[in-house]
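Since every read-out is calculated from the coordinates, none of them should be taken as a lab result. Since we're looking at a predicted model, the values are computed, not measured. For neighbour counting, all protein chains shown are included, and Cβ atoms are generated from backbone atoms with ideal geometry for every residue, glycine included.
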Amino acid sequence: MVNVNIERAKYMAEKFNIPYYFSSYEEMFKNIELDAVSVCTPNKFHAEVVIAALNNGCHVLCEKPPATSKADAERMTEAAKKNGKMLTYNLHFRQSEEVQAVKNFIDAGEFGEIYAARVQVLRRRGIPGWGVFTNKEIQGGGPLIDIGVHMLDTALYLKDYPEVDYVSAATYDRIGKRGGLGLMGSWDPAKFTVEDSAFGFIRFKNGASLMLESSFALNIKDRSLMNVNLFGEKAGATVFPPVIYSEK
Ligand SMILES: NC(=O)c1ccc[n+]([C@@H]2O[C@H](COP(=O)([O-])OP(=O)(O)OC[C@H]3O[C@@H](n4cnc5c(N)ncnc54)[C@H](O)[C@@H]3O)[C@@H](O)[C@H]2O)c1
């Protein structure tokens, strides 16, 4: 167990019967030999810790999002390849019964080609009033990187990760900068440096497209919404819960 806050490392080690705890990963790798590590630091530190773990011969499960920049994500992938170790990310919705059920139908050819998709991860008033979620320096971004990433990954996974042609997007911080009702407490609008909503359109090289909406705060009807819609030649689907729409 490693935590820069040694008291927390000690608490968790004792709670889960872990024989060792340290205040830095350097100290851990110097003292013990490990097969695999799970990296759950704030986003900003994923790359540094993951690369150190891979260079120390460990397989790695890293929390989502992989990194706060494309360059860091690529460095992490390179380190995994160089060391011949497995690097995977905790984008766990892929393993859900809902996603696997839809995937079975896709693999059986029930959808034909899936040419479009819509990803929505929306909160009406859900700017977190705790943690580092509103701090771009540490978190790397707002709702898109925190919650949107789960459904974006789900949609891309179900579409078999087509190669991206281009992305067009816009982000806003109108509510975050103004202040208001938060989620479990209130945030400081003066220190709000992430987006409160993000809207995007992805065009893939195979001609398919994906619309994306993600928010911590947005003036909408529902309190929160989290889903993927797929539009195929022979059928469409909503993933959560899995419902398939076809002419059958
Ligand atoms: N997969 C999911 O659904 C899911 C859910 C929640 C959080 N997460 C991810 O988990 C990560 C952590 O989120 P959180 O909400 O638990 O954050 P947190 O701030 O509550 O906890 C992070 C912990 O990391 C420690 N830490 C900071 N820098 C460190 C370092 N260099 N080395 C060791 N420890 C360090 C902090 O002291 C803190 O205890 C984030 O990347 C987040 O996106 C994923």
Q: Starting from the Cα of Ser69, move 7 Å in the Cα-to-Cβ direction to define the label point; list residues of the range 168-192 whose amide nitrogen is under 15 Å from there.
A: none
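Set the bar at 22 Å for Cα to Cα. Now go through Lys70/Lys103; Lys44/Lys159; Lys81/Lys205; Lys159/Lys234 and name every pair that lies beyond it. Don't skip to the answer; put the middle values down first.
Details: Lys70/Lys103 28 Å; Lys44/Lys159 29 Å; Lys81/Lys205 26 Å; Lys159/Lys234 15 Å.
Violating the 22 Å Cα-Cα cut-off are Lys70/Lys103; Lys44/Lys159; Lys81/Lys205.
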Q) To the nearest 20 debye, what charge dipole does the chain have about its Cα centre, counting +1 at the Cβ of each Lys and Arg and -1 at the Cβ of each Asp and Glu? A) 620
Q | Given charges at Cβ of Lys, Arg, Asp, Glu: the range 124-211 dipole, positive-most of Ile147, Ala190, Gly131 | A | Ala190
Q: Measure out, as a whole number of angstrom, how far apart the alpha-carbon centroids of the range 1-48 and the range 91-135 sit.
A: 30
(Q) Starting from the 7 Å offset along Cα-to-Cβ, what nm value, one decimal, do you get for the label separation of Glu78 and Asp35? (A) 3.0
Q) Fully extended, how many nm does the chain gain between Lys10 and Tyr166 (0.36 nm per residue separation, minus their Cα-Cα distance)? A) 51.5 nm
Q.
Only Cα pairs within less than 10 Å get springs; with that Gaussian network setup on the chain, which residue of Leu183, Leu218, Leu152 has the largest fluctuation?
A. Leu183
Q | In degrees, nearest ten, helix 97-107 long axis to first principal axis of the chain (Cα) | A | 50
